[in-house]
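S.K.: Submitted below is the structure of interest, expressed as structure tokens.
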Amino acid sequence: MTDLAKTAKVKGIKYFLISYVDLFGTMRAKLVPAAAIGEMAKNGAGFAGFASWLDMTPADPDVLAIPDADSLIQLPWRKEVGWLAADPYMNGKLVEQAPRNVLKRVVADAAAKGYILKTGVECEFFLISPDGSTISDSGDHQAKPCYDQQALMRRYDVISEICDSMLELGWNPYQNDHEDANGQFEMNWQYDDALKTADKHAFFKYMTKSIAEKHGLRATFMPKPFPTLTGNGCHVHVSVWSKDGKNLFEDANDPMGLSKLGYQFIAGLMNSAEALTAITNPTVNSYKRINAPRTTSGATWSPNTVTYTGNNRTHMIRIPDAGRFEFRLADGATNPYALQAAVLIAGLDGIENKRDPGERLDIDMYAEGHTVKNAKKLPLNLLDALRALEASSVMRKGLGEPFISAYLKLKRADWNEYAGQLTEWERRTTLDC
């Protein structure tokens, strides 16, 4: 294990952010001077659990967030600060509903069965005005703005600084582009084990927002910040490996290069899709993305039906290459840790029950989706998704009763409090996603 006190001296770190992500995906942190990191590494930084979304009361004892020393990231834009993902404890026991704790348990269970989930995420985001009212670049107005070089290069200072940071951190970023909506961007880095990807995903959102603010802008991962523009997806590329480094999804004899195990994993996602949506699409605003009418560019680039295909972006799952598939359901509001856990749980259920995804569909779902009669539809709203999650024995068993109960309770309470003012509420609660 990394000795954080020694590391601080070597790297010139003066402060550490001891951080955890709560049930709603909000990053919480304490700023700890390097002189105190030894004690904090042993006993944890103290938090009032009720003050964040962890389903606790004001009477509960302190939550102690114990940092994972191996997760250390030195902030490239503020090198005197080191960021640490932490695992919340209370009364000497892991907080069972804390998302990172859930993912670590699920990953360990999978490893005991011989499976290692490797994933990459494609995080889409908008660069907007500081008040959130409009995109930040008034010159970005093409009807089809995807890959627009002029608009991309007008934001070169921001995008290059984020990419340079990832290069410095050893994430191996490989491409950056202007996405399908005006003001929207995507940045890609190399896939990794699920827990490492989740830590990087959480940090990437923080880093992107911080660097955007440094340049006088605001970054948002909100699923659908502007009604006529394409929303922010968070596509997940999925493969499962053995402990000896073999890709268990690869099969040269299959037309798509995917093994039977891979198809069973896909079938598990399809079987649990409605319940998964409560995790992958966790806000009211999420359903304005997956159930959207055509956007200014001509397509939503998001699914609303439970189908899979080959290299075709109009379906919930596509197989773009041998040995992996892309799960296109999740959006920018998804919790980085709960996302990985839910995908792994559903996929393993598909493997363990030898589920069959059926024949793939190769049609354009946007143009011909109405002709498909036997495919399940995704939930129309958050409440329907929460009901599906509550009814899912697969998700309840996998995520655990403490997580399911806390998540459903908090999401429903939040909905009930603001149900009469959804437009105002969704921007207030989701713009900072």
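The values are calculated or read from the model by the stated rules, or taken from the named source; none is laboratory data. Predicted model only: the values in this text are computed from it and were never measured. Because the Cβ atoms are built from the backbone with ideal geometry, glycine has one as well, and the counts that use them run over all protein chains shown. Side chains included, ligands, DNA and RNA excluded: accessible areas come from the protein's heavy atoms. Shrake-Rupley method; radii C 1.70, N 1.55, O 1.52, S 1.80 Å.
S.K.: Here are some conditions: (1) at pLDDT below 95; (2) closer than 24 Å to Ala391 by Cα; (3) open to solvent by 10 Å² or more (accessible area, probe 1.4 Å). Thr300 meets all but one. Which one does it not meet?
M.R.: (2)
S.K.: List, please: which pairs have Cβ atoms under 8 Å, are six or more places apart or on different chains, and start with a residue in the stretch 409-422 that is within 26 Å of Arg396 (Cα to Cα) and end with one that is open to solvent by 80 Å² or more (accessible area, probe 1.4 Å) and modelled with pLDDT of 75 or more?
M.R.: From residues that are within 26 Å of Arg396 (Cα to Cα), the pairs are Leu410/Trp53.
S.K.: Within the stretch 335-362, how many residues turn out to be crowded, with 16+ Cβ neighbours inside 10 Å and farther than 30 Å from Val21 by Cα?
M.R.: First pass over the stretch 335-362, keeping only residues crowded, with 16+ Cβ neighbours inside 10 Å: 335-351, 355, 357, 360-361.
If we keep only those that are farther than 30 Å from Val21 by Cα as well, we get 355, 357, 360-361.
So the count comes out to 4.
S.K.: Scan the stretch 1-41 for residues that are of a type outside the set (Lys, Arg), outside any helix (DSSP H, G or I) and open to solvent by less than 70 Å² (accessible area, probe 1.4 Å) and report the count. Don't jump to the end; show me each part of the working.
M.R.: Within the stretch 1-41, the subset of a type outside the set (Lys, Arg) is 1-5, 7-8, 10, 12-13, 15-27, 29, 31-41.
After this cut, where a residue has to be outside any helix (DSSP H, G or I) as well, the list is 1-3, 12-13, 15-27, 29, 31-33.
Now narrow it down to the ones that are open to solvent by less than 70 Å² (accessible area, probe 1.4 Å): 2, 12-13, 16-27, 29, 32-33.
The number of residues fulfilling the criteria is 18.
S.K.: Assess whether Tyr89 counts as being open to solvent by 10 Å² or more (accessible area, probe 1.4 Å) and touching a Gly at 6+ places or on another chain (Cβ under 9 Å). Steps first, answer last, please.
M.R.: Details: open to solvent by 10 Å² or more (accessible area, probe 1.4 Å): yes; touching a Gly at 6+ places or on another chain (Cβ under 9 Å): yes.
Judged against the criteria, Tyr89 is a match.
S.K.: Looking at this structure, is Lys224 open to solvent by 60 Å² or more (accessible area, probe 1.4 Å) and either closer than 30 Å to Ala346 by Cβ or aliphatic (A, V, I, L, M) (or both)? Can you show your working first?
M.R.: Numbers: open to solvent by 60 Å² or more (accessible area, probe 1.4 Å): no; either closer than 30 Å to Ala346 by Cβ or aliphatic (A, V, I, L, M) (or both): yes.
So Lys224 fails the test.
S.K.: Then there's this: Which pairs turn up if I take residues in the stretch 155-176 that are at positive phi and look for partners that are part of a loop (DSSP other than H, G, I, E, B) with beta carbon separation below 6 Å, at least 6 apart in sequence or on another chain?
M.R.: Cβ pairs passing all conditions: Asn172/Gln190.
S.K.: Working only within the stretch 42-57, note down all residues that are open to solvent by 60 Å² or more (accessible area, probe 1.4 Å), assigned to a helix (DSSP H, G or I) and closer than 30 Å to Asn281 by Cα. Give the steps one after another, and end with the answer.
M.R.: Step one: filter the stretch 42-57 for residues open to solvent by 60 Å² or more (accessible area, probe 1.4 Å), giving 42-43, 48, 50-51, 53, 57.
Filter once more, keeping what is assigned to a helix (DSSP H, G or I): 42-43, 50-51.
Scanning the stretch 42-57 gives Phe50, Ala51.
Yes/no per residue for (1) acidic (Asp, Glu); (2) modelled with pLDDT of 95 or more; (3) part of a loop (DSSP other than H, G, I, E, B):
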| residue | (1), (2), (3) |
| --- | --- |
| Lys205 | no, yes, no |
| Pro223 | no, yes, yes |
| Pro227 | no, no, yes |
| Gly231 | no, yes, yes |
| Ala252 | no, yes, yes |
| Met256 | no, yes, yes |
| Leu261 | no, yes, no |
| Gly268 | no, yes, no |
| Leu276 | no, yes, no |
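S.K.: Identify all residues within the stretch 277-296 that are open to solvent by 10 Å² or more (accessible area, probe 1.4 Å) and closer than 19 Å to Asn182 by Cα; write none if there are none.
M.R.: Listed by number, the residues that qualify are Lys288, Ala292, Pro293, Arg294, Thr295, Thr296.
S.K.: Check Pro227 against each of (1) within 22 Å of Asn291 (Cα to Cα); (2) within 21 Å of the chain's Cα centre (by Cα) and name the one condition it does not meet.
M.R.: In the conditions (1) within 22 Å of Asn291 (Cα to Cα); (2) within 21 Å of the chain's Cα centre (by Cα), Pro227 misses (2) alone.
S.K.: What are the residues in the stretch 250-286 that are among the acidic types (Asp, Glu) and closer than 22 Å to Lys411 by Cα, if any?
M.R.: We begin by selecting, within the stretch 250-286, every residue among the acidic types (Asp, Glu); these are 250-251, 254, 274.
Correct list: Glu274 only.
S.K.: While we're on this one: For the condition within 27 Å of Ala69 (Cβ to Cβ), among the aliphatic types (A, V, I, L, M) and open to solvent by 20 Å² or more (accessible area, probe 1.4 Å), what is the one hit in Leu169, Leu152?
M.R.: Values: Leu152 fails: within 27 Å of Ala69 (Cβ to Cβ).
Of the residues listed, the single one that is within 27 Å of Ala69 (Cβ to Cβ), among the aliphatic types (A, V, I, L, M) and open to solvent by 20 Å² or more (accessible area, probe 1.4 Å) is Leu169.
S.K.: Separate question: Taking the stretch 137-149 as the region of interest, how many residues are open to solvent by 60 Å² or more (accessible area, probe 1.4 Å) and small (Gly, Ala, Ser)?
M.R.: Step one: filter the stretch 137-149 for residues open to solvent by 60 Å² or more (accessible area, probe 1.4 Å), giving 138, 141-144, 147, 149.
Going one step further and asking which of them are small (Gly, Ala, Ser), we end up with 138, 143.
Final tally of qualifying residues: 2.
S.K.: Please specify each residue of the stretch 312-334 satisfying the condition of being open to solvent by 10 Å² or more (accessible area, probe 1.4 Å), out of contact with any Lys or Arg (no Cβ under 6 Å at 6 or more places or on another chain) and assigned to a loop (DSSP other than H, G, I, E, B). Give the steps one after another, and end with the answer.
M.R.: Keep residues of the stretch 312-334 that are open to solvent by 10 Å² or more (accessible area, probe 1.4 Å), which gives 312-314, 318, 320-322, 324.
Next, from what is left, pick out any that are out of contact with any Lys or Arg (no Cβ under 6 Å at 6 or more places or on another chain): 313-314, 318, 320-322, 324.
Selection gives Arg313, Thr314, Ala322.
S.K.: Kindly evaluate Asp60 against the criterion of being of a type in the set (D, E, K, R), touching a residue at least 24 places away in the same chain (Cβ under 8 Å), within 30 Å of Lys411 (Cα to Cα) and surrounded by 21 or more Cβ atoms within 10 Å (Cβ to Cβ).
M.R.: no
S.K.: Can you report the number of residues in the stretch 111-136 which are among the aliphatic types (A, V, I, L, M), more than 21 Å from Asp321 (Cα to Cα) and open to solvent by 10 Å² or more (accessible area, probe 1.4 Å)? First the steps, then the outcome.
M.R.: Narrowing the stretch 111-136 to residues among the aliphatic types (A, V, I, L, M): 111-112, 116-117, 121, 127-128, 135.
Next, only the ones that are more than 21 Å from Asp321 (Cα to Cα) stay: 111-112, 127-128, 135.
Going one step further and asking which of them are open to solvent by 10 Å² or more (accessible area, probe 1.4 Å), we end up with 111-112, 135.
Residues that pass the stated criteria total 3.
S.K.: Criterion first (of a type in the set (A, V, I, L, M) and in a loop (DSSP other than H, G, I, E, B)) does Ala181 satisfy it?
M.R.: yes
S.K.: Somewhere in the stretch 197-205, is a residue without any contact (Cβ under 8 Å) to a residue 12 or more places away in the chain, at negative phi and either open to solvent by 40 Å² or more (accessible area, probe 1.4 Å) or among the hydrophobic types (A, V, I, L, M, F, W, C) (or both)?
M.R.: Just the residues of the stretch 197-205 that are without any contact (Cβ under 8 Å) to a residue 12 or more places away in the chain, to begin with: none.
No: zero hits.
S.K.: Could you say which residue among Asp244, Asp177, Asp193 is surrounded by fewer than 22 Cβ atoms within 10 Å (Cβ to Cβ) and touching a helix residue (DSSP H, G or I) at 6+ places or on another chain (Cβ under 7 Å)?
M.R.: Asp177
S.K.: Would you pick out the residues in the stretch 91-100 that are in a helix (DSSP H, G or I) and either more than 10 Å from Leu195 (Cα to Cα) or touching a Cys at 6+ places or on another chain (Cβ under 8 Å) (or both)? It would help to see each step written out before you state the result.
M.R.: So in the stretch 91-100, the residues in a helix (DSSP H, G or I) come out as 99-100.
Matches in the stretch 91-100: Pro99 only.
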